[in-house]
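To keep things clear, I will list the structure first and then write my remarks on it.
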Amino acid sequence: MPPANVSGILLIVSGPAGSGKTTVCDRMLAEVPGIQRVVTSTTRAPRPGEQHRVDYYFFDQQTFDQKVAAGEFYEWARVHTNCYGTLKSEIQDKLAAGTDLLLNIDVQGAATFRQAGREDPLLRGKVVTVFIMPPSMEELENRLRTRSTDDEAEIQRRLGVAREEVQQRGHYDHCILSGSRDEDFAALQTIYRAEKDIR
């Protein structure tokens, strides 16, 4: 049990699709001791191999709506036909126990957490936000095309969203100009350790 004055931090990472944020977050979770992924909630059906409370909290729409009405989420959004959200209980209990948490979330969700960090005593002083900035829109487009997972219309949609997202980088505590995967990982590690040292 950690000392009473020890509490965790919530490290929030955002960036456009193709910026490498998911890759660097997965590596942080795999290689950096003492940091855990925030398990978010969804109304979509589990995919093969996914487990409740491990990959997501899987809720039916009625249960999700009840939790929204009860104020149990820090943030939530409807994405196409499904809802996604972050439960307060998933974060508060772990931070209070001294666990550091990592959350990969979009710019709207990060903005909600910044606001909550100012208003919620349980989050105050514990939210650290990091934006992964693509080196250029041309490089971002190249990364999206290299993935070969999206058609042309989706690539253009993602680029349009990315142009809007990068305008929000000034609201973040830290901004990483994306380079190689190793460089991005080293930069995020440095931010994490520095933030731990000043708390």
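Expressed to the nearest 5 percent, the antiparallel share of DSSP beta bridges inside the stretch 20-150 is 55 percent. For Cα Rg over 2.2 N^0.38 Å, pick the label among (i) 1.04; (ii) 1.28; (iii) 1.35 that corresponds to the value derived from the coordinates. Label (i) holds the value from this structure.
Return the single residue from ILE91, ILE35, ILE12 with maximal mean-square fluctuation; model: Gaussian network over the chain, springs between Cα atoms under 10 Å. For the chain, modelled as a Gaussian network with Cα springs under 10 Å, the answer is ILE35. Debye sum, Cα scatterers, the stretch 54-146, no solvent: what log₁₀ I/I(0) at q = 0.11, 0.12 1/Å? Log10 of I(q)/I(0), two decimals: -0.42, -0.50.
Considering only HIS174, HIS80, HIS52, the mean-square fluctuation computed in a Gaussian network model of the chain, springs between alpha carbons under 10 angstrom, is largest for HIS80.
If you rank ARG193, ARG169 by fewest surrounding Cβ atoms within 10 Å, what's the result?
Least to most surrounded, the residues fall as ARG193, ARG169.
The dipole here belongs to the chain: it is taken about the Cα centre, uses +1 on the Cβ of Lys and Arg and -1 on the Cβ of Asp and Glu, and is about 360 debye.
Residue pairs exceeding 19 angstrom between C-alpha atoms, taken from LYS88/LYS126; LYS88/LYS196; LYS21/LYS94; LYS21/LYS67; LYS126/LYS196: LYS88/LYS196; LYS21/LYS94; LYS21/LYS67.
Computed from the coordinates by the stated procedures, all read-outs in this text should not be read as laboratory data. Worth saying up front: this structure is predicted, and the values here are computed from it rather than measured. Glycine gets a Cβ as well: all are built from the backbone with ideal geometry, and neighbour counts include every protein chain shown.
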